[in-house]
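Chemist: Quick one: the structure is below, questions incoming.
The values are calculated or read from the model by the stated rules, or taken from the named source; none is laboratory data. This is a predicted model, so every value here is computed, not measured. FYI the Cβ positions are ideal-geometry reconstructions off the backbone, even for glycines, and counts take in every protein chain you see. Surface accessibility is based on the protein's heavy atoms, side chains included, excluding ligands, DNA and RNA. Shrake-Rupley method; radii C 1.70, N 1.55, O 1.52, S 1.80 Å.
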Amino acid sequence: MLAGIDYFIVIAYIVGMLLLGLYFKKFVNTSEDYFLGGKSLPFWAIGMSIVVSDIGALDFVGVSGQAYRYGVSVGNFDWVGSVPAMLLAAFIFIPYFWRGGMYTIPEYLGRRYNKSVRTIASATWILFFALDLGVLFWASAVLLNVLMGWPIWISILSTAGVVGLYTYFGGITAVIMTDVVQMIIMFVGGFALVFLGLHAVGGWENMVEKISTMGPEYQSHFDIIQPSDTTSPFPWTGILFGLTFVMANAYMIGNQSIVQRCLTAKNEWHAKASMIFGSALKMFIPILVLFPGLMAVVVHPDLADGDQALPMMIKSILPPGLVGLMFAAFFAGLMSSVDSLLNSTATLFTKDIYEPFIKKGASDKHYLKVGQITTLILLIFGVATSPISSDFPGIYVAIQTFMSYFQGPLFAILLLGIFWKRTTQWGGLSALIIGIAFAVFLNVFKEHFFHIEDPFLYISWWSFLVGFVINIVVSLCTKKHSEKELQGLVFNAKIVTENTSI
Amino acid sequence: MTEIELLNKIKTAKINRALGVFILIFGLMVLVAIAFTETFVQQMTDLVAGMVLILIGGGMFWKSQMNLVQLSTKNKSL
């Protein structure tokens, strides 16, 4: 448990976040303000928010843990697994989405393919996001329970109260701006941890020497490229095909909670710059999260669970004040994940389900209210489902894994949708359905096809490839779209700004 | 500059001012925490981290406050 000044800092951080978030209420007057921040936010804030959303507290702990177990190869996720995809998103995809005045990725898919593709994509995201909420509430509660000694239900309700209030009132502006604070604090605390950690292990070279002589399991700890027959989840083939080609692009281009941030930019230049700035910041993330994991191998060599590496390093290395600040940043990371899910799910439901299917042509105030009420309902749903995580500890990994299976086929139809005029609505629909089904099939029978412990990178690659091929084959057999229907939706064409019918 | 652009700039300045105050306060807290540290290295780390936060937060606050004064004058003249 924390004590003294650190306890005070965590409490002050939580209260401060609430007040800061509530302050943004005065900037929300329309549904565009709520879902897209009035399209007025600067690139630096969006870039920071993208990075923080990408590396939430659970990932922070998880990546350090994997660095502890497998070494530096996990850094691929933030370098080749992010930077090229973010640049591709910045220069190719984001300008189309931004100029098109879109709110959601499924909205683009609806315009490019058909309503069914839009609805399936949107419903799948809503389902995953809603399930994730309960898990994140539970994780926040456990963190507060361990650090502050609060009972679990008090912890869940206080997290839900703080995050719910500022997301309900402040919309995406509150979400992004609270992320900015979190990122600055996370970077300052993270660099302090790396500095003191290096001091504790006697410098980088000393650490490398010590780890290399610790036994055969540490021989490849400093190899960023792992052989294809490695038993770790990061063989170079999986990293190149599954991560760099598919998952990274699918995440940076097809994930609603990431792309929605870029759509809040004040102009197209800021939208592009936000991704580029975010990619520059991303390059520092492995230093902040990977190095403490490596240092923990020397400082705490006998940890039963690698995921304890970062919390143990913070506790044993950081001075009072920074311990509180880093744990506050952890908690804020969880809050950031929750508020992103709440706002993105509310946007998906309002724009892709409610507006087209339940009430078309209502007033802007009506849709703003629907967005806020959806946020509230999701909050209650998240709180109610949070105890499930305690009964099924593997549920977070299961949700994340299934989410990654959906991303391969989704990226296949996004890629062909933008770059190939000949792809048709039936091609897109069949690619999405068959691609997801194939990913589920591979997951069920993974022991028969793969020899590594968690083949999610390979499954993403193969489901992407199947979706890609199915889209081409079915598109060639079905009636192509007219030039008018494709206006502004494919590469090199100008995107129309008004809401064209699906 | 149109009125909408001006209002957007005022909004951005107000947001930055709030963020600046928040970060500044946390920088001060880290400086206070120096009193609870034991070793010289820890004290220096707290000092540097606190000063970095104070510089970022203070800078944001000062810049946005200056902008707000200028923009408010322009807004009145419109």
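Chemist: Would any residue of the range A:10-26 have its amide N under 18 Å from a label point 7 Å out along Cα→Cβ of A:Trp150? List them or say none.
Modeler: A:10-22
Chemist: Add -39500 (n - 2.57) for each DSSP H run of 4 or more in chain A, then divide by its residues: what number comes out at 222 nm, to the nearest 500 deg cm²/dmol? Intermediate values should be presented prior to the final figure.
Modeler: On the way: 23 runs with 346 residues, N = 502.
About -22500 deg cm²/dmol.
Chemist: With r as the distance between the Cβ atoms of A:Ala12 and A:Lys369 and R0 = 30 Å, compute the FRET efficiency 1/(1 + (r/R0)^6) and round to 0.05. All intermediate terms of the calculation are to be shown ahead of the outcome.
Modeler: Values: r = 33 Å, r/R0 = 1.10.
Computed FRET efficiency for A:Lys369 and A:Ala12 comes out at 0.35.
Chemist: Which residues belonging to the range A:1-28 lose at least 30 Å² of 1.4 Å-probe accessible area when the assembly is complete, relative to their chain isolated?
Modeler: Listed by number, the residues meeting the 30 Å² cut-off are A:Ile5, A:Ile9, A:Leu20, A:Tyr23, A:Phe27.
Chemist: Please list, in order along the range A:76-85, the HN-Hα scalar couplings obtained from phi with the Karplus expression 6.51 cos²θ - 1.76 cosθ + 1.60 (θ = phi - 60°), rounded to whole Hz, x for Gly and Pro.
Modeler: 3J(HN,Hα) across the range A:76-85, in whole Hz: 4, 4, 9, 9, 5, x, 9, 4, x, 5.
Chemist: By how many degrees, 0 to 90 and rounded to 10, does the Cα axis of helix A:322-348 deviate from the longest principal axis of chain A?
Modeler: Here the helix axis deviates by roughly 10 degrees.
Chemist: Moving to a separate point now. Note down the net charge around A:Val338, summing +1 for each Lys or Arg and -1 for each Asp or Glu among other residues with Cβ under 13 Å from its Cβ.
Modeler: Values: positive: none; negative: A:Asp132, A:Asp179, A:Asp339.
Result for the local shell: -3.
Chemist: Along the charge dipole of the range B:3-77, Cβ charges K/R +1 and D/E -1, which of B:Val52, B:Gln65, B:Gln42 sits furthest on the positive end?
Modeler: The residue sitting farthest along the positive end of the dipole is B:Gln65.
Chemist: Of A:Ile317, A:Phe491, A:Gly171, which is farthest on the positive side of the dipole of chain A, counting Cα position, with +1 on Lys and Arg Cβ, -1 on Asp and Glu Cβ, and the Cα centre as origin?
Modeler: The Cα lying farthest towards the positive end belongs to A:Phe491.
Chemist: A further question follows. Once the principal axes of the Cα atoms of the range A:327-386 are found, what is the range along each, listed largest first in whole angstroms?
Modeler: Cα extents, longest axis first: 46, 21, 16 Å.
Chemist: Would you mind giving the mean number of other chain beta-carbons within 10 Å of the Cβ of each residue in A:314-321, as a whole number? Intermediate values should be presented prior to the final figure.
Modeler: Working: counts 0, 0, 0, 2, 5, 14, 10, 15.
Mean shielding count: 6.
Chemist: Going Cα to Cα from A:Lys266, which aspartates and glutamates come in below 13 Å? Please leave out same-chain ones fewer than 8 positions away.
Modeler: A:Glu32, A:Asp33, B:Glu5
Chemist: Per the Cauchy relation, a quarter of the hull surface: what is the mean projected area of the convex hull of the alpha carbons in the range A:71-150, in nm²?
Modeler: Quarter of the Cα hull surface area: 8.5 nm².
Chemist: Right, another one. Roughly how tilted is helix A:57-70, in degrees to the nearest 10 and between 0 and 90, from the longest Cα axis of chain A?
Modeler: With rounding to tens, the tilt is 60 degrees.
Chemist: Here is a follow-up. Using only alpha carbon positions, build the gyration tensor of the range A:389-475, then give the equivalent ellipsoid semi-axes as the square roots of 5 times its eigenvalues, largest first, whole angstrom. Intermediate results must be reported in sequence, preceding the final value.
Modeler: Values: eigenvalues 148, 37, 19 Å².
Those come to 27, 14, 10 Å.
Chemist: So, R0 is 56 Å and r is the distance between the beta-carbons of B:Ser77 and A:Glu483; what FRET efficiency does that work out to, to 0.05?
Modeler: Details: r = 50 Å, r/R0 = 0.88.
E(calc), rounded to 0.05, equals 0.70.
Chemist: Tabulate in residue order the Karplus-calculated ³J(HN,Hα) for the range A:270-280, using 6.51 cos²θ - 1.76 cosθ + 1.60 with θ = phi - 60°, rounded to whole Hz; enter x for Gly and Pro.
Modeler: With coefficients 6.51, -1.76 and 1.60, one gets 5, 5, 5, 4, 4, 5, 5, 4, x, 5, 5 Hz.
Chemist: Per residue of B:32-41, what is the mean number of Cβ atoms on other protein chains within 10 angstrom of that residue's Cβ?
Modeler: Numbers: counts 5, 12, 4, 3, 7, 6, 2, 2, 0, 5.
That works out to 5 on average.
Chemist: How large is the accessible surface per residue of the range A:154-276, computed with a 1.4 Å probe and reported in Å² as a whole number? Don't skip to the end; give the middle numbers.
Modeler: Values: 4090 Å² over 123 residues.
Normalised by residue count, the accessible surface of the range A:154-276 is 33 Å².
Chemist: Let me ask something else about it. Roughly how many Å is it from the Cα centre of the range A:123-161 to that of the range A:212-228, as a whole number?
Modeler: Taking the Cα centre of each part, the range A:123-161 and the range A:212-228 sit 36 Å apart.
Chemist: Checking an interface number: how much accessible area is buried between A and B, summed over both chains, with a 1.4 Å probe, in Å² rounded to 100?
Modeler: Working: alone 19140 and 5770 Å², together 22390 Å².
Summing both chains' loss of accessible area gives about 2500 Å².
Chemist: Per residue of A:191-199, count partner chain C-beta atoms within 10 Å of its C-beta, then hand back the mean as an integer.
Modeler: On the way: counts 4, 7, 1, 0, 5, 5, 0, 0, 3.
The per-residue average across the peptide is 3.
Chemist: Pull up all non-local amide H partners of A:Gln226: gap of 5 or more, or a different chain, and H-to-H distance under 5 Å with H placed in the peptide plane.
Modeler: A:Trp236
Chemist: In addition: How big is the range B:3-77 by Rg and Dmax over its Cα atoms, in Å?
Modeler: Using the Cα atoms of the range B:3-77, the pair Rg, Dmax is 16.7, 57 Å.
Chemist: Right, here's the next one. In a shell of Cβ-Cβ distance under 15 Å around A:Gly75, excluding A:Gly75 itself, what net charge do Lys and Arg (+1) and Asp and Glu (-1) give? Walk me through the numbers before you get to the answer.
Modeler: Working: positive: A:Arg69, A:Lys282; negative: A:Asp54, A:Asp59, A:Asp78, A:Asp223.
Net charge around A:Gly75: -2.
Chemist: Roughly speaking, to the nearest percent, how much of chain A's 1.4 Å accessible area is carbon and sulfur? List each step's numbers first, then the result.
Modeler: Values: 12180 of 17930 Å².
About 68 percent, which is the carbon plus sulfur part of the accessible surface.
Chemist: Between A:Glu447 and A:Asp229, what is 0.36 nm times their sequence separation minus the Cα-Cα distance? Round to one decimal in nm.
Modeler: Values: separation 218, 0.36 × 218 = 78.48 nm, distance 1.50 nm.
Length gained, A:Glu447 through A:Asp229: 77.0 nm.
Chemist: Compute the long axis of helix A:425-444 from its Cα atoms, compare it with the longest principal axis of the Cα atoms of chain A, and write down the angle in degrees, 0 to 90, nearest 10.
Modeler: It is inclined by approximately 30 degrees.
Chemist: May I pose another question? List the pairs from A:Lys360/B:Lys11; B:Lys11/B:Lys63; A:Lys115/A:Lys421; A:Lys365/A:Lys484 whose alpha-carbon separation is above 23 Å, in the order I gave them. Intermediate results must be reported in sequence, preceding the final value.
Modeler: Details: A:Lys360/B:Lys11 31 Å; B:Lys11/B:Lys63 14 Å; A:Lys115/A:Lys421 18 Å; A:Lys365/A:Lys484 33 Å.
Cα-Cα > 23 Å for A:Lys360/B:Lys11; A:Lys365/A:Lys484; rest within.
Chemist: If the chain between A:Leu127 and A:Ala437 were fully stretched, how many nm would it gain, using 0.36 nm times the residue separation less the Cα-Cα distance? Please report the intermediate quantities before stating the final value.
Modeler: Numbers: separation 310, 0.36 × 310 = 111.60 nm, distance 1.64 nm.
Contour length minus Cα-Cα distance gives 110.0 nm.
Chemist: Calculate how large, on average over all directions, the projected area of the Cα convex hull of the protein assembly as shown is; give the answer in nm² to one decimal.
Modeler: 26.2 nm²
Chemist: What list of ³J(HN,Hα) values in whole Hz, one per residue of the range A:379-389 in order, does the Karplus curve 6.51 cos²θ - 1.76 cosθ + 1.60 (θ = phi - 60°) give from phi, with Gly and Pro shown as x?
Modeler: So the J values, rounded to whole Hz, are 4, 5, 4, x, 5, 5, 8, 4, x, 4, 4.
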